Amino acid sequence: MAQFQKPKGTQDFFNLEAKKFRYVEERATQIAQSFGFKEMITPIFEHTEVFTRSSGEESDIVSKEMYTFLDRAKRSITLRPEGTAPIVRSFIENKLYTNYPNYTKVFYRGPIFRYERPQAGRFRQFHQFGVEAFGDANSLLDADVIYSGYQILSDLQIPSISVKVNTIGDFASREAYQAAVKDYFSNHKEHLCSDCIRRLDKNPMRILDCKVDQTKEFFQTAPSLHDYLNEASKSYFQEVLHYLDTFQVKYQIEKNLVRGLDYYTDTVFEYVIESNDQYNGLAICAGGRYDNLVKELGGPSIGGVGYAFGQERLVVMMEQYNLFPTFQDGADLMILSLDEVSKTESLRLAHVFRKHGLVVEIDYKHSAMKQQFKLSEKLSPKYLLIIGEEERKNQTISLKSTQEKTQESYPVVDILSIVLKKFNKAETLKETFQYENA
Ligand code: HAM
């Protein structure tokens, strides 16, 4: 039978790869928690409408990339293509806004699914680490959220990231701009691609994001959103920038940054990789403010701001700059046994050490000593313990250091404290160990 392969655009993580992945996740979690974000876990699938109502029918995500299917009861279900809408859905459903006017700050992590063309740093199943903060629009909160992402990158020591910020204005500014964009592109209709002709009616601003038309000359003179910002949006943006300056975040204002999802208002930002390879220009983190989304999904009129990191991209950057610590791969101890009775004793002893947090291996087969030593080379334990008939009879045990190549015999009742001391671990259990079958 043909061997199965993982679906295109997905990855397997084993051992060290998984450790790297979790390391990044754990560091980000700690930083987010230090900013007061609390974890929210939502299902990986939702009713499709959660995404069509939030991301926008014309967005690439909704129009081309969702994994949508009918379940057995013919409900339309979608594997989440992003994390914000499910968090908003849960925020509303669980009435977390009863905390209002205080802010509700949430972080989340987990798999995301998008039917995209796989390439470097782009997968069909990937993972996001994100935060969302709900409450009144507040420029200090926006800046603090942006800063928390900055802190994650600096905690992980990832260099070569540029912080790009922009404002896309409030609802009123966007309406005025929307009309101007529609007017402008209507005059160039014959040069637009078929997608953009459709966008002209449904969501003209999306045209600015078009990969096909973007290079055409008339794009250069398209109206600029910044010319249509009202005073409220302009001063809100200035406040955000002022706080970022205060926090010494080195950002660039990127007037073309619009983001690919419809729910944003005012502040938007991206952390972008700067490198000499295929990752250059990819966003490692992106987000912004969304003041209409909670209402759009049926909740009260409460705003929000957040971002999501692509965890795979974080891992790639960590690898590129050699930033991962050395993860322990070998065992702490391996217990060898010279006969079958000793095997059972070795496992009993292993259980005691494991309760103290040591990584303990034994040979589960009844192999000869030579094979057990061979196996120990693969498992690379720091110490070997050896139990045989002689040791059982005398209630002793041999301890061998694989690094120093020394071997000594000790009373078995003392072995726990001797070994734990070598690992700088305290003897926390009252239990002592003696052979039951001497
Ligand atoms: P997004 O820009 O679509 O925003 O995705 C956020 C991050 O996910 C990207 O910056 C990138 O690092 C990573 N990412 C996106 N697509 C892929 C892919 N195919 N493979 C690997 N990584 C990918 C959002 O999803 C918003 N929900 C962010 C947000 C939170 N806005 C407000 N709150």
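Since every read-out is calculated from the coordinates, none of them should be taken as a lab result. This structure is a prediction, so every number in the text was calculated from the model and none was measured. When we count neighbours, we look across all protein chains shown, and the Cβ atoms used for this are built from the backbone with ideal geometry, even at glycine.
K430: which lysines have alpha carbons under 21 Å from its alpha carbon, excluding same-chain residues fewer than 8 sequence positions away? Once the sequence-local lysines are set aside, what remains near K430 is K355, K421, K422.
Report the residues of segment 321-362 in range of a label on T402: point 7 Å along Cα→C-beta, backbone N strictly under 14 Å from it. Answer for this model: 328-336, 359-362.
One chain, two ends: M1 and E254. Fully extended at 0.36 nm per residue, the span grows by 85.7 nm beyond their Cα-Cα distance. Residues of segment 313-338 with an amide N closer than 15 Å to a point placed 7 Å from the Cα of N394 along the Cα-to-Cβ direction: none. Distance from the Cα centroid of segment 356-403 to that of segment 249-286 is 54 Å (rounded to whole angstrom). Could you sort out which of K64/K255; K64/K250; K20/K405; K105/K295; K400/K425 sit more than 29 Å apart by Cα distance in this structure? Check vs 29 Å cut-off fails for K64/K250; K20/K405.
Taking the Cα centre of the chain as origin, work out the dipole magnitude from +1 charges on Lys and Arg Cβ and -1 charges on Asp and Glu Cβ, in debye rounded to 20.
It comes to approximately 960 debye.
Segment 35-85 and segment 177-191 have Cα centres separated by 31 Å. Across all directions, the shadow cast by the convex hull of segment 43-125 built on its C-alpha atoms averages 6.7 square nanometres.
With bins 10 Å wide beginning at 0, the percent of Cα pairs of segment 267-418 falling in each bin runs 9, 26, 16, 10, 14, 14, 9, 1. Think of segment 1-113 as having a plus end and a minus end, set by charges on the Cβ of Lys, Arg, Asp and Glu; of F45, M66, S55, F45 sits farthest toward the positive end of this dipole.
Summing charges over all other residues whose Cβ lies under 14 Å from the Cβ of G330, with Lys and Arg as +1 and Asp and Glu as -1, gives -1.
Shown for the chain is the translational diffusion coefficient from the Stokes-Einstein equation, using the Kirkwood radius over Cα pairs, a temperature of 20 °C and a viscosity of 1.002 mPa s: 84 µm²/s. Computed extension length for E239-T432: 63.1 nm, one decimal, from 0.36 nm per residue of separation with the Cα-Cα distance subtracted. Here the gap between S301 and H47, fully extended at 0.36 nm per residue and compared with their Cα-Cα distance, gives a gain of 89.2 nm.
Please check which bits of segment 147-174 a label hung off N276 would reach, taking the label as a point 7 Å along Cα-to-C-beta and the cut-off as backbone N under 19 Å. It comes to 159-162, nothing else.
Listed by chain and number, the aspartates and glutamates whose alpha-carbon sits under 15 Å from that of K378, ignoring those within fewer than 8 places in the same chain, are D329, D332, E361, D363. The phi torsions of segment 79-89, fed into the Karplus equation with coefficients 6.51, -1.76 and 1.60 and a -60° offset, translate into couplings of 5, 4, x, 5, x, 5, 4, x, 5, 5, 4 Hz, rounded to whole numbers, with Gly and Pro shown as x. Build a GNM of the chain with springs between Cα atoms under 10 Å apart, and of M40, M205, M334 the one that fluctuates most is M334. Rounded, prolate or oblate: which fits segment 215-313 when a ≥ b ≥ c are the square roots of the eigenvalues of the alpha-carbon gyration tensor, with rounded for a/c under 1.5 and prolate only if a/b beats b/c? In terms of gyration-tensor shape, rounded. Legend: calculated FRET efficiency, T246 to S34, from the Cβ-Cβ distance at R0 = 22 Å, rounded to 0.05, equals 0.70.
Net charge near P86, counting Lys/Arg +1 and Asp/Glu -1 over other residues with Cβ under 11 Å of its Cβ? It works out to a net charge of -2.
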